[in-house]
């Protein structure tokens, strides 16, 4: 098939004429062909737009702008949508001529009964609830954050590793400051590595397994279509379900994925909601472990976080100018997940966790040790104690929130220690879990926010979240007190 087919014959004549005119108007060289640059300009690519503006002289750039505006007025939909649809039509034509598709039964039949049930809101919502119940609650929350964490935390670290490390350090290291760096209450091994391996690793691992199964089955695009109407109310569309779902694995990765959203408005709203109300797999798993034995408390926490997510999203969408882009997505057929694919995806993500996150936990332990050594740690805790009092929490909870400055899941693990020590009532646990969920993004996520959205936007997001988390936690505490607690 001629190589010119897709570029020469698949677009309306108005777009073809605009492409030719823009291509002739580009006088400078680019890493892409001038024709590709012209297509990207018509599709509204912001990076290419800025590059062309910087390279071409002002008269040429103004002429190109007029061509784009004139062409856009000739269509009811955005040029990006028109070009994408025409490309998809051309792909379908090529596939029709070259590929023979044999109908299959069962899950692989994209027109089958199960496929239809996932699209229909009446049946799709219960299916989503079942996926969340068995995938997140039972597998990640009960098995990962319950059974596996209890075994590693109690049977391995508390029974063998921590006593051995404390004993070895006391015997062979004569300097108390160095002893505290390696072992004891806030040591690299007894706190940092224990949190990372015994508490966070099994939770992240089980989440990655569950997410890989859902991803490989083809269910995610159906979920995007299912929630599209709800997401439009918060300034997003169904495509945003991809970074939002990834956020339950790691908010840092999810923030990077928001670059795939069509408009700057969507990317900013998604970044804010990811930083505010989407707990990562480790934090979510710890919270599920803390609340899994108290269904009423878990329901209050879930309802409160969903309410904050929708309310903040709605208000942000109202305050930020712009229209929601049109939503279209190719839906692949449902299929049985491949064991090899699930294993490969889980292994890759676990490898990323060990190489990227474990050093952060170790660094956090070192910073906490330095803070204890200099007295800064105690000063910050003292400063947080009045805030803890307003939230109805014990002073010791300040330590968990200080941990949250380094990583939110690190802070959640601190709540786990408080709960294990019997220092929190059910009401206090819900308030602490909710406030910590809304707390400032971790260091890694904040770094990616700066890279993706710019320093000004990242600081604005963090500046909003920090006071809002405590105000929201205080409001929840007062409401729970009015109804007599949980």
For segment 216-228, give me the residue count where each residue is closer than 29 Å to residue 317 by Cα and touching a residue at least 40 places away in the same chain (Cβ under 8 Å).
8
Any chance segment 162-178 includes a residue that's over 23 Å from the mean Cα position of the chain (by Cα), closer than 28 Å to residue 357 by Cα and either touching a residue at least 60 places away in the same chain (Cβ under 8 Å) or not assigned by TED's automatic domain parsing to the domain that holds residue 289 (or both)?
yes
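Can you confirm whether segment 419-430 contains a residue that is crowded, with 22+ Cβ neighbours inside 10 Å and within 23 Å of residue 273 (Cβ to Cβ)?
yes
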With the condition kept exactly as written, say whether any residue in segment 295-304 is closer than 30 Å to residue 474 by Cβ, surrounded by 19 or more Cβ atoms within 10 Å (Cβ to Cβ), free of Cβ contacts under 8 Å to residues at least 40 places away in the same chain and over 16 Å from the mean Cα position of the chain (by Cα).
yes
Could you check segment 455-486 and list, in sequence order, the residues that are farther than 28 Å from residue 443 by Cβ and part of a helix (DSSP H, G or I)?
478, 479, 480, 481, 482
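Return the total of residues in segment 288-313 being at pLDDT below 80 and outside any loop (DSSP other than H, G, I, E, B).
Let us first name the residues in segment 288-313 that are at pLDDT below 80, namely 288-290, 292-293.
Narrowing the set further to residues that are outside any loop (DSSP other than H, G, I, E, B) leaves 288-290.
Total meeting the criteria: 3.
Here is a yes/no grid of residues against (1) without any contact (Cβ under 8 Å) to a residue 60 or more places away in the chain; (2) closer than 30 Å to residue 340 by Cβ:
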{"position": "145", "(1), (2)": "no, yes"}
{"position": "184", "(1), (2)": "yes, no"}
{"position": "188", "(1), (2)": "no, no"}
{"position": "193", "(1), (2)": "no, no"}
{"position": "203", "(1), (2)": "no, yes"}
{"position": "214", "(1), (2)": "no, yes"}
{"position": "237", "(1), (2)": "no, no"}
{"position": "243", "(1), (2)": "yes, yes"}
Answer with yes or no whether residue 388 is outside any helix (DSSP H, G or I) and either crowded, with 20+ Cβ neighbours inside 10 Å or in the same structural domain as residue 291 (by TED's automatic domain parsing) (or both).
no
Inside segment 226-283, can you point out the residues that are under 19 Å from residue 119 (Cβ atoms), over 9 Å from the mean Cα position of the chain (by Cα) and assigned to a helix (DSSP H, G or I)?
226, 227, 228, 229, 230, 231, 232, 238, 239, 240, 241
Taking segment 47-74 and keeping only residues that are out of contact with any helix residue (DSSP H, G or I) (no Cβ under 7 Å at 6 or more places or on another chain) and within 24 Å of residue 267 (Cβ to Cβ), one is left with 47, 50, 51, 54, 65, 69
Among (1) within 26 Å of residue 455 (Cβ to Cβ); (2) crowded, with 21+ Cβ neighbours inside 10 Å; (3) at pLDDT 85 or above, the one test that residue 231 misses
(1)
Candidates 310, 291 - the one that is crowded, with 20+ Cβ neighbours inside 10 Å and touching a residue at least 12 places away in the same chain (Cβ under 8 Å)
291
Can you find a residue in segment 357-365 that is modelled with pLDDT of 85 or more and more than 30 Å from residue 86 (Cα to Cα)?
no
Go through segment 144-176 and count every residue that is touching a helix residue (DSSP H, G or I) at 6+ places or on another chain (Cβ under 6 Å), in a helix (DSSP H, G or I) and within 20 Å of residue 368 (Cβ to Cβ).
5
Out of all the residues in segment 441-454, which are without any contact (Cβ under 8 Å) to a residue 60 or more places away in the chain and outside any helix (DSSP H, G or I)?
454
So, residue 189, is that one buried (at least 21 other Cβ atoms within 10 Å of the Cβ) and more than 23 Å from the chain's Cα centre (by Cα) or not?
yes
Failed item in (1) over 21 Å from residue 44 (Cβ atoms); (2) at pLDDT 85 or above; (3) buried (at least 24 other Cβ atoms within 10 Å of the Cβ); (4) over 12 Å from the mean Cα position of the chain (by Cα), with residue 217 passing the rest:
(3)
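Based on this model, can you work out whether residue 156 counts as outside the structural domain of residue 336 (by TED's automatic domain parsing), modelled with pLDDT of 85 or more, farther than 19 Å from residue 291 by Cβ and surrounded by 13 or more Cβ atoms within 10 Å (Cβ to Cβ)? Full working, then the answer.
Numbers: outside the structural domain of residue 336 (by TED's automatic domain parsing): no; modelled with pLDDT of 85 or more: yes; farther than 19 Å from residue 291 by Cβ: yes; surrounded by 13 or more Cβ atoms within 10 Å (Cβ to Cβ): yes.
Answer is no for this residue.
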Within segment 74-84, is there a residue that is in contact (Cβ under 8 Å) with a residue 24 or more places away in the chain and over 36 Å from the mean Cα position of the chain (by Cα)?
yes
So, in segment 94-145, of the ones that are at pLDDT below 75 and within 24 Å of the chain's Cα centre (by Cα), which residue ends up surrounded by the most Cβ atoms within 10 Å (Cβ to Cβ)?
145
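The values are calculated or read from the model by the stated rules, or taken from the named source; none is laboratory data. Keep in mind it's a predicted model, so treat the numbers as computed, not measured. Glycine also receives a Cβ, built like all others from the backbone with ideal geometry; neighbour counts cover every protein chain displayed.
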